Amino acid sequence: MAEVVLVLNAGSSSIKFEVFRSRSSALEVALRGQISGIGTRPRFVAKDAAGTVVEERSWSASPGPDEEALLGELIAWIEDHLGGERLVAAGHRVVHGGSRYADPVLVTGPVLDALETLVPLAPLHQPHNLSAIRALAAAHPALPQVACFDTAFHRGHADAVSRFALPRALHDEGIRRYGFHGLSYAYVSRELARLAPDVAAGKVVIAHLGSGASLCAVEDGVSVDSTMGFTAIDGLPMGTRCGSLDAGVVLHLLEAKGMSAAEVQRLLYTQSGLLGVSGISNDMRDLLASDRPEAAQAIDLFVHRIVREIGALAATMGGLDGLVFTAGIGERSPDIREAVCRRLGWLGLDLCPDANRRGSLRVSTPGSRVAAWVIPTDEERMIALHTLDVLASAAMDPSRKELVQ
Ligand code: ADP
């Protein structure tokens, strides 16, 4: 009988879910959907693998059922919908694993307590990730839950990579560069190892270019550096986030312009990046379609910063054998890929314009010294794979079978 894994990605008022069926070592999507409006007017929508809506429920009385009740309904609905198949575990995307977690972990009471101490490091995401784990544990205490971290893939970074040039005590408190998008990088590295093992064994930069964007330097499948640091606002400019910024600008906004910390946070997270520079849109499609000079400026800045950071990461690794594009912009914009690759000829990258336009997986010419690839990411599938791995190793280690109560 197939085993079924539920993957949850919990945000401030919504929980995205995806249900995978594991059958003879293949993992197929069975259902996916979302519970939105938690705390106001909840709505539940589920689709099958083909994208057809198979269930829609909404609650008219505000605030409607709470998170625990909604997750209880979700589990009951999944089990009903899958007939005799058995839900074996839930895997969660958890943004922060701190310095401690280098791998996904089976959630126990002590693990949950440890993850709670990381809330100050990711106040916008971690509380929602953990509250979904708690609510699911209350609704379904017997279901094993696995926490999969956006930071874990980067946990092996060298001291010089992970340290800010700040007093030591702050580093010891946890103020250091962690890196994010790790589930995406883990998945893409795995896929690259399958598609081009020779490239994956070398020095590779993976460019996760979505509404959030970062780059990761990966040597033989191991992350050695990343453009994101203490928070997911660092590094490249993104849809609405500023990316790396002289810390003096923040001080200036606070002191000379008298902005509050909340106003600065809103500015840097939601009003900057492509949206802030263009004044038009945070969506790369709108900017590429626009003939306004501000749109071109935003695109030029995005490409410039990607190219600059690829140079820096190549220097970290002492060379570059492969460049992989992934996520919304990386997977779907030949124009941005071309603009980036054109400026990397000096590193030995020769883009094949036809392959790039056609949407091939390999987009560099056969003679290119640096191989360029486009590999669609799938963070949910990575969580499902991690969850099954953790479950299999926990089954072999009875001391790890304690669940969250
Ligand atoms: P998220 O980080 O929200 O998961 P995605 O990886 O789905 O984001 O990327 C979303 C972004 O991808 C959109 O905001 C848009 O800018 C960009 N995008 C999607 N399709 C295209 C396209 N065909 N061309 C250029 N950009 C695109």
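Some notes on this structure:
- Qualifying aspartates and glutamates (Cα of each under 20 Å from Cα of residue 47; at least 8 residues distant if same chain): 3, 18, 28, 55, 56, 73, 79, 80, 85, 378, 379, 380
- Over the stretch 281-375, Cα pairs under 8 Å with separation of 6+ residues give a relative contact order of 24 percent.
- Rh (Kirkwood; distinct C-alpha pairs) - the stretch 113-163, Å: 12.8 Å
- Value of relative contact order over the stretch 237-320, rounded to a whole percent, pairs C-alpha under 8 Å and six or more apart: 27 percent
- Potential lengthening between residue 256 and residue 14 on full extension [0.36 nm per residue; Cα-Cα distance subtracted]: 83.4 nm
- Separation of alpha-carbon centers, the stretch 364-390 and the stretch 31-47, rounded to whole Å: 29 Å
- Projecting the alpha carbon convex hull of the stretch 25-73 along each direction and taking the average yields 4.0 nm².
- Dipole of the chain, positive end: most advanced residue of 303, 88, 233 [Cβ charges, Cα centre]: 303
- Full extension of the chain segment joining residue 201 with residue 281 gains 24.9 nm, where the gain is 0.36 nm per residue of separation less the Cα-Cα distance.
- Formal net charge of residues neighbouring residue 10 (Cβ-Cβ distance under 14 Å; K, R +1; D, E -1): -4
- Note on residue 358 and residue 267: the extension gain reaches 29.0 nm, defined as 0.36 nm multiplied by sequence separation minus the Cα-Cα distance.
- Taking the Cα atoms of the stretch 146-278, the ratio Rg/Rh between the radius of gyration and the Kirkwood radius comes to 1.03.
- If you wrap the stretch 205-351 in the convex hull of its Cα atoms and look at it from every side, the mean projected area works out to 9.2 nm².
- Counting every alpha-carbon pair across the stretch 70-201, the share separated by more than 20 Å comes to 55%.
- Stokes-Einstein D for the stretch 206-270, Kirkwood Rh over Cα pairs, 37 °C, 0.692 mPa s (µm²/s): 253 µm²/s
- Over the stretch 130-262, Cα pairs under 8 Å with separation of 6+ residues give a relative contact order of 19 percent.
- Largest GNM mean-square fluctuation among 47, 257, 16, using the chain with Cα springs under 10 Å: 257.
- Estimated D of the chain in µm² per second, where Rh is the Kirkwood radius over Cα pairs and Stokes-Einstein applies at 20 °C, 1.002 mPa s: 95 µm²/s
- Estimated distance in nm for a label pair at residue 173 and residue 27, the labels positioned 7 Å out from Cα along Cα-to-Cβ: 3.8 nm
- Computed [θ] at 222 nm, deg cm²/dmol, the chain (DSSP H ≥ 4; -39,500 (n - 2.57); rounded to nearest 500): -11500 deg cm²/dmol
- Here the spin labels are modelled as points 7 Å beyond Cα on the Cα-Cβ line, and at residue 76 and residue 142 they lie 1.6 nm apart.
- Proximal charge balance of residue 132 [Cβ under 11 Å; K/R count +1, D/E count -1]: +1
- Cα gyration tensor, the stretch 287-363 - rounded (a/c under 1.5), prolate or oblate: oblate
- Computed label-point distance, nm, for sites residue 113 and residue 365 using a 7 Å Cα→Cβ extension: 6.2 nm
- Coarse-grained scattering of the stretch 30-126 at q = 0.19, 0.24 Å⁻¹, given as base-10 log I(q)/I(0) from a Debye sum over alpha-carbon atoms: -1.08, -1.19
- For the chain, modelled as a GNM whose springs connect Cα atoms under 10 angstrom apart, the maximal fluctuation among 165, 132, 314 occurs at 165.
Read-outs: derived from the displayed coordinates by stated rules, not from any lab. All figures in this text were calculated on a predicted structure; none of them were measured in a lab. Reconstructed Cβ throughout: ideal geometry from the backbone, glycine too, with neighbour counts over all protein chains shown.
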